[in-house]
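Asks: Below: one structure in structure tokens.
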Amino acid sequence: MHKGKKRIGLLTSGGDCAGLNAAIRAVVHRAVEGQGWQVVGLHKGTAGLLSRPPEAETLTPHRFEGMLLRMAGTILGTTNKGDPFAFPYPDGTVRDRSDEIIEGFRALELDGLIGIGGDGSLSILRRLAQQGGIPLIGIPKTIDNDVVGTEVAIGHATALWVATDALDRLQPTAASHDRVMVLEVMGRDAGHIALSAGISGGADVIIIPELPYRIEGIAGKINALRAEDRNFALVVVAEAVRREDGTPVVQGHSDSGQALYGGVGHYIGRRIAETTGAEVRVTVLGHVQRGGTPTPRDRLMASIFGVHAVDLLAAGQSDRMVAWSGRNVVDLPLAEVVDRPHRVDPQGALVHTARGLGIYVGEDPS
């Protein structure tokens with residue numbers, strides 16, 4: 001980074017979530033007021049750097065008076081498609097456009113970059129930074145909470161609250177109508193939302209992709225509840241759970257070929273109805289888990305991460321990700337983070353807790 005008044009870029013990439021604006025706010029306050037730098041917000045993630053001129057704006061603390069701390073989404077916009085190293089075109093071809101993104105970065109005369117993203121986004125940003133010689137600091141965000149090296153990622157706490165609230169609302173209607181309620185939640189390839197929400201929301205069955213399950217096991221739990229004169233049951237299913245034969249339940253594929261999960265809740269619901277005779281209703285929570293007012297936890301972690309990211313750049317650090325561990329903010333090499341998604345530990349404390357509460361959480365692989 002050159003001497004004098006530095007200019008750093010800031011972008012959000014991947015799926016949106018609650019807490020992104022709080023992180024943007026923290027970066028701007030710390031960089032402008034703490035370091036005397038300029039902060040340039042890059043629009044639409046890396047996609048904004050493909051435009052000519054690049055789509056960007058100078059961010060000042062005055063922009064963040066009032067409601068933005070409390071708003072979900074991202075004022076900068078984001079993208080979760082169009083891998084710049086294999087950018088898809090309508091005719092089905094792909095092309096490497098990474099050099100164009102690096103040129104866009106240089107056109108803005110930026111000295112460093114703070115990227116807020118999940119595992120996939122941080123992997124792409126790191127490749128771009130290495131190719132372009134760009135000092136990069138990553139901030140982890142994902143409702144799935146599957147980023148390695150951090151106990152907390154921005155967005156997870158709010159998504160968990162939404163899923164738990166849904167169970168709170170489903171329970172009385174389930175009891176009123178003698179029904180089994182199945183709730184399908186997001187989580188991509190990890191079951192963190194389903195497991196934590198299921199425990200917090202009093203679910204009777206939690207099905208996650210990290211543990212095998214049997215419909216007979218689910219039916220056995222529901223029938224046991226009936227034997228105890230319980231007239232309802234709550235079932236939580238993570239969207240990436242597969243059918244019993246191991247095939248995924250998908251609604252299609254994205255432009256990049258990524259599977260678009262959705263529908264396993266209905267599959268599980270049908271199988272429960274077939275094996276138990278219960279009246280079953282299915283709710284797919286979907287994208288409401290990404291929105292809503294950020295919880296205090298998400299605002300707090302976003303603020304901590306944003307400040308620490310600026311401090312790292314100021315100290316001449318790069319190629320690192322901020323993280324939360326042992327009740328403190330830390331940082332670690334991005335090389336130890338990218339392309340290594342953190343999934344639920346089948347032998348971990350949460351699975352043990354669920355089983356200790358009598359929840360059917362799949363078969364014990366041991």
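The values are calculated or read from the model by the stated rules, or taken from the named source; none is laboratory data. Since this is a predicted model, take the numbers as computed values, not measurements. Here the Cβ positions follow ideal geometry from the backbone for every residue, glycine too, while neighbour counts run over all protein chains shown. Side chains included, ligands, DNA and RNA excluded: accessible areas come from the protein's heavy atoms. Shrake-Rupley method; radii C 1.70, N 1.55, O 1.52, S 1.80 Å.
Asks: Express the accessible area of segment 43-181 per residue in Å², computed with a 1.4 Å probe while the remaining protein chains stay in the model. Write out the running numbers ahead of the final one.
Replies: Values: 5930 Å² over 139 residues.
Per-residue accessible area for segment 43-181 comes out at 43 Å².
Asks: For the chain, set up a GNM with springs between Cα atoms under 10 Å and report which of Asp204, Asp83, Asp245 has the largest fluctuation.
Replies: Of Asp204, Asp83, Asp245, the Gaussian network model singles out Asp245 as fluctuating most.
Asks: Ok, one more. Can you give the calculated 222 nm mean residue ellipticity of the chain, where each DSSP H run of n ≥ 4 adds -39,500 (n - 2.57) and the sum is split over every residue, rounded to the nearest 500 deg cm²/dmol?
Replies: -10000 deg cm²/dmol
Asks: Sticking with this structure for a sec: Identify the trypsin sites (Lys or Arg not before Pro) of segment 305-366 meeting these criteria: DSSP loop state and at most 10 other C-beta atoms within 10 Å of the C-beta.
Replies: Listed in order of number, the matching sites are Arg327.
Asks: As an exercise, use a Förster radius of 22 Å and the Cβ-Cβ distance of Arg63 and Leu108 to find the FRET efficiency, rounded to the nearest 0.05.
Replies: Details: r = 18 Å, r/R0 = 0.81.
Here the calculated transfer efficiency is 0.75.
Asks: Also: Please find the FRET efficiency linking Asp319 to Glu216, where r is the Cβ-Cβ separation and R0 is fixed at 51 Å, and quote it to the nearest 0.05.
Replies: 0.55
Asks: Let me ask something else about it. Under 1.5 on a/c is rounded, so check that first for segment 177-299, then, if it is not, pick prolate when a/b is larger than b/c and oblate when it is not; a ≥ b ≥ c are the square roots of the alpha carbon gyration tensor eigenvalues.
Replies: Verdict is oblate for segment 177-299.
Asks: Working from Cα positions, state the angle (0 to 90°, nearest 10) between the long axis of helix 215-227 and the longest principal axis of the chain.
Replies: Helix 215-227 and the main axis of the chain meet at about 60 degrees.
Asks: Right, another one. If I model segment 287-366 as equal point scatterers sitting on the Cα atoms and use the Debye formula, what is log10 I(q)/I(0) at q = 0.11, 0.18, 0.20, 0.22 Å⁻¹?
Replies: So the normalised log intensities are -0.51, -1.00, -1.05, -1.08.
Asks: Next up: For segment 30-100, what does the alpha-carbon gyration tensor say about shape, rounded, prolate or oblate, given a ≥ b ≥ c as the root eigenvalues, a/c under 1.5 as rounded, and a/b over b/c as prolate?
Replies: Numbers: a/c = 3.49, a/b = 2.06, b/c = 1.69.
Here segment 30-100 falls in the prolate category.
Asks: Counting other C-beta atoms within 10 Å, and keeping those with at most 14, which DSSP coil GluC sites (Glu not before Pro) do you find in segment 29-90?
Replies: Those satisfying the criteria are Glu65.
Asks: Do you know the relative contact order of segment 49-205, to the nearest whole percent, from alpha carbon pairs under 8 angstrom that are 6+ apart?
Replies: Result for segment 49-205 is 15 percent.
Asks: Just to confirm the filter: which trypsin sites (Lys or Arg not before Pro) across segment 1-62 are DSSP coil and have at most 13 other Cβ within 10 angstrom of their Cβ? Kindly include the intermediate steps, with their values, before the conclusion.
Replies: Working: sites: Lys3, Lys5, Lys6, Arg7, Arg25, Arg30, Lys44; in loops: Lys3, Lys5, Lys6, Lys44.
Of the trypsin sites (Lys or Arg not before Pro), the ones in loops of segment 1-62 whose Cβ has at most 13 other Cβ atoms within 10 Å are Lys3, Lys5.
Asks: What's the local net charge at Gly41, with K and R +1, D and E -1, over the other residues with C-beta under 10 Å away?
Replies: Around Gly41, the surrounding residues sum to -1.
Asks: Give me the extension gain from Ala224 to Ala349: residue separation times 0.36 nm, minus the current Cα-Cα distance, reported in nm with one decimal.
Replies: 42.5 nm
Asks: What residues have an amide H closer than 5 Å to that of Glu184, excluding those fewer than 5 places away on the same chain, when H is modeled at 1.01 Å from N in the peptide plane?
Replies: Val237, Thr283, Val284, Leu285
Asks: Would you work out if segment 1-151 is rounded, prolate or oblate? Take a ≥ b ≥ c from the square roots of the eigenvalues of the alpha-carbon gyration tensor; rounded if a/c is under 1.5, else prolate when a/b is larger than b/c, oblate otherwise. The partial results should precede the final answer.
Replies: Details: a/c = 1.63, a/b = 1.23, b/c = 1.33.
Taking the square roots of the gyration eigenvalues as a ≥ b ≥ c, segment 1-151 is oblate.
Asks: Moving to a separate point now. How much length would be gained if the chain were fully extended between Asp165 and Asn231, taking 0.36 nm per residue of separation minus their Cα-Cα distance, in nm to one decimal?
Replies: The Asp165-Asn231 span can extend by a further 21.7 nm.
Asks: Another question, then. Tell me, what is the FRET efficiency for Gln35 and Val250 to the nearest 0.05, using R0 = 45 angstrom and their Cβ-Cβ distance as r?
Replies: 0.45
Asks: Roughly how many percent of the accessible protein surface of segment 243-366 is carbon and sulfur, given a 1.4 Å probe and a whole-percent answer? Can you show the working numbers first?
Replies: On the way: 3170 of 6400 Å².
The computed percentage sits at 50.
Asks: Which of Pro53, Pro346, Pro248 moves most in a GNM of the chain, Cα contacts under 10 Å?
Replies: Among Pro53, Pro346, Pro248, the largest GNM mean-square fluctuation belongs to Pro53.
Asks: For Lys141, go through the aspartates and glutamates and keep the ones whose alpha-carbon is under 13 Å away, minus same-chain ones fewer than eight residues off.
Replies: Cross-link targets: Asp16, Asp119, Glu151, Asp298.
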